[in-house]
Amino acid sequence: MKKISIVTPCYNEEENVRDCHEAVRGLFDDALAGYDHEHIFCDNASDDRTVEILREIAAQDPSVKVIVNARNFGPLRNTYNGVMASTGDAVLLFMPADLQDPPELLPQFVKLWEAGNEIVYGIRAVREEGRLMRGLRDAYYRILTRFSELKVPPGVGDFQLVDRRVVEAMRHVRDAYPFMRMMTFECGGRMVGVPYTWRERKKGFSKNRASALIDQGQASVNLVAAVPSLHAGLTAAIAAFLWTRVHRGWRPVLVAYVLVMAFTLVYTAEHYVVDILLGWALAAVVLVGVKRFEVWKAQRSRAPDVTSIEQLS
């Protein structure tokens, strides 16, 4: 009997974890009765009753596994850890505790996987959320797709069922901030998309802080940018150039250059170091060019007007 793994990350989701478990359990009692399954809940150091409730569920249902983090590792690494702990022949990378991605699509995903598709990804064609957030997300996905060397339809999230081969390939991608929704496309394979409506949260509120959203955005750029060296270089050049608008001279430029470079190297996974160093070389060229232009402009402004001198004589 083939096994399907479902991964649910959670942080302070005491209102939702039971509903999520019951929704998944119901699918394997009915439409997916011919499959074994495991439901992995990854708790990211919740400070409410989430862990207590999950332990109660696991005590009653042997298909439920619970991973409890010692501290909050952020949503990206928390979910990735659960996927790497899975043992199924196919893995649903992300089943949200709040059920905004509809679990009833899983039987269709499994059918498409059985048809030979190694990656079955959901496409958020319609979003039940405010106009502002919907606009920001749409802009983010357009930018991500525009500057990516991978062909990824806008609206693709982590709601994907992937074959075990893809999961094992993901295991060998070295990245401090694993951005799985794009990582699967990087691993490659036969794939198909399923459009759906991303639903409004019914209980509680999103626990994703602004810092976590920025973290995910940065990770996506690091993973899929076709020209990471250019990205790093332009970031450095802009930061240093803005600094020079306030502090004149070469010393502030050098300080800004070194500080931003150090931050980028520390923040980014080690396999991007070569690209970033190329970017910094580009930044240096840009800054030297700007500085020489300013010197030339200053000298020209101080030069006497030869025409006026001749007229006076």
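The values are calculated or read from the model by the stated rules, or taken from the named source; none is laboratory data. All figures in this text were calculated on a predicted structure; none of them were measured in a lab. Neighbour counts are summed over all protein chains in view; Cβ atoms, including those assigned to glycine, are modelled from backbone coordinates with ideal geometry.
The residues listed here are Pro75, Pro9; of these, the one that is touching a helix residue (DSSP H, G or I) at 6+ places or on another chain (Cβ under 8 Å), assigned by TED's automatic domain parsing to the domain that holds Pro178 and modelled with pLDDT under 95 is Pro75. Scanning region 49-77 for residues that are part of a loop (DSSP other than H, G, I, E, B) and free of Cβ contacts under 8 Å to residues at least 12 places away in the same chain turns up just one, Pro62. Picking from residues in region 22-50 that are under 25 Å from the mean Cα position of the chain (by Cα) and over 22 Å from Val167 (Cβ atoms), the one that is surrounded by the fewest Cβ atoms within 10 Å (Cβ to Cβ) is Asp47. Filtering region 78-99 to residues that are surrounded by fewer than 20 Cβ atoms within 10 Å (Cβ to Cβ), more than 16 Å from His37 (Cβ to Cβ) and touching a residue at least 60 places away in the same chain (Cβ under 8 Å) leaves Met84, Leu99.
For Ala31, the conditions (1) touching a residue at least 60 places away in the same chain (Cβ under 8 Å); (2) farther than 30 Å from Ala176 by Cβ; (3) in contact with a Gly (Cβ under 8 Å, 6 or more places away or on another chain) all hold with the exception of (3). The residues of region 1-23 that are in contact with a Ser or Thr (Cβ under 8 Å, 6 or more places away or on another chain) and not in a loop (DSSP other than H, G, I, E, B), listed by number, are Lys3, Ser5, Val7, Pro9, Cys10, Val17, Cys20.
Within region 164-201, being under 22 Å from Gln108 (Cα atoms) and small (Gly, Ala, Ser) holds for Gly188, Gly189, Gly193.
Checked against (1) modelled with pLDDT of 85 or more; (2) not in a helix (DSSP H, G or I), Met170 meets all criteria but (2).
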